[in-house]
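Comments concern the structure below.
The values are calculated or read from the model by the stated rules, or taken from the named source; none is laboratory data. In this text, all values refer to a predicted model and were calculated from it rather than measured experimentally. Every residue, glycine as well, gets a Cβ built from its backbone with ideal geometry; the counts of neighbours run over all protein chains shown.
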Amino acid sequence: MLNEVKDLSIGVLCIHGFSGGPYEIEPFSAYLRTHTDWLIVEPTLSGHGDALHMSGFTAKHWLMDAELAFRTLAKKVDEVIVVGFSMGGIIALYLAKRYKVKKLVLLSAAAKYVSPKQLIKDFKMLASDAYHHNLPSNELFLRYRHKFNNVPLASTIEFMKLVRIVEPYYRHIKTPAFIVQGKLDGIVPYHTAQFLFDELASRNKILYFSDNSKHHICLEEDCSDWFPKVLLFLKEI
């Protein structure tokens with residue numbers, strides 16, 4: 001009698017961005033929960049989340065947070081997928097270099113940061129809305145007003161340090177990867193995605209550009225266009 005082949009259990013580690021929280025990836029996490037039976041984990045990095053108290057925390061803390069979350073999840077499942085948004089995308093690459101990661105999903109991954117051209121457009125709109133007393137309806141203002149007063153310069157320097165730590169790993173990573181990038185991203189220049197695509201040693205890699213999306217790619221209106229594409233990629237053997 002042939003032995004039955006047991007399906008492998010899969011876990012997904014979702015890592016948010018710098019000065020953000022799990023809410024940045026929640027729409028995609030919710031989509032995965034609805035369409036799979038995978039174990040989805042969304043840790044909050046030290047100093048991050050709704051409380052946002054970043055003073056005293058460093059790049060090493062955030063990398064350690066991610067490693068501990070990965071190890072804990074890996075003990076519960078057979079295979080681990082890592083999804084990373086913005087700085088979380090860079091941390092995802094760090095994990096892929098150090099551990100056995102089944103697949104990577106890199107969302108607005110911050111291998112490079114700040115697109116001056118797009119930021120100028122965004123801040124012109126911000127200034128116009130401020131002049132016309134429309135700030136409460138300005139998307140950029142609503143998403144970043146809390147951060148303006150709660151992110152120390154030292155924390156921003158630690159973010160840049162983290163990117164530099166991981167950068168030498170890119171060309172050594174062979175994990176299958178799906179890269180998603182918005183062309184209107186003012187934080188991560190959209191050509192960064194092409195840079196990552198070219199740098200990664202992965203044979204199986206896909207690059208998807210959203211023409212109308214800004215940085216918070218999972219919160220954009222067209223996310224329903226690429227959610228199914230990523231899920232199909234993750235389910236492929």
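If you go through region 209-237 and keep only what is hydroxyl-bearing (Ser, Thr, Tyr) and surrounded by fewer than 17 Cβ atoms within 10 Å (Cβ to Cβ), you end up with just Ser224.
Close contacts from region 216-237, counting a first residue that is more than 15 Å from Ser29 (Cα to Cα) and a second that is at pLDDT below 95 and of a type outside the set (S, T, N, Q), with Cβ to Cβ under 6 Å and a gap of 6+ residues or different chains, come to none at all. Restricting region 34-73 to residues that are small (Gly, Ala, Ser) and either modelled with pLDDT of 95 or more or part of a helix (DSSP H, G or I) (or both) leaves a set whose member that is farthest from Glu24 (Cα to Cα) is Ala59. Within this structure, Ile120 passes the test of being at pLDDT below 90 and either touching a strand residue (DSSP E or B) at 6+ places or on another chain (Cβ under 7 Å) or not in a loop (DSSP other than H, G, I, E, B) (or both). Each residue in region 25-71 was checked for being of a type in the set (Val, Ile, Thr), surrounded by fewer than 18 Cβ atoms within 10 Å (Cβ to Cβ) and touching a strand residue (DSSP E or B) at 6+ places or on another chain (Cβ under 8 Å), and 1 of them qualify. The residue of region 216-228 that is modelled with the highest pLDDT, among those that are farther than 22 Å from Ala110 by Cβ and part of a helix (DSSP H, G or I), is Pro228.
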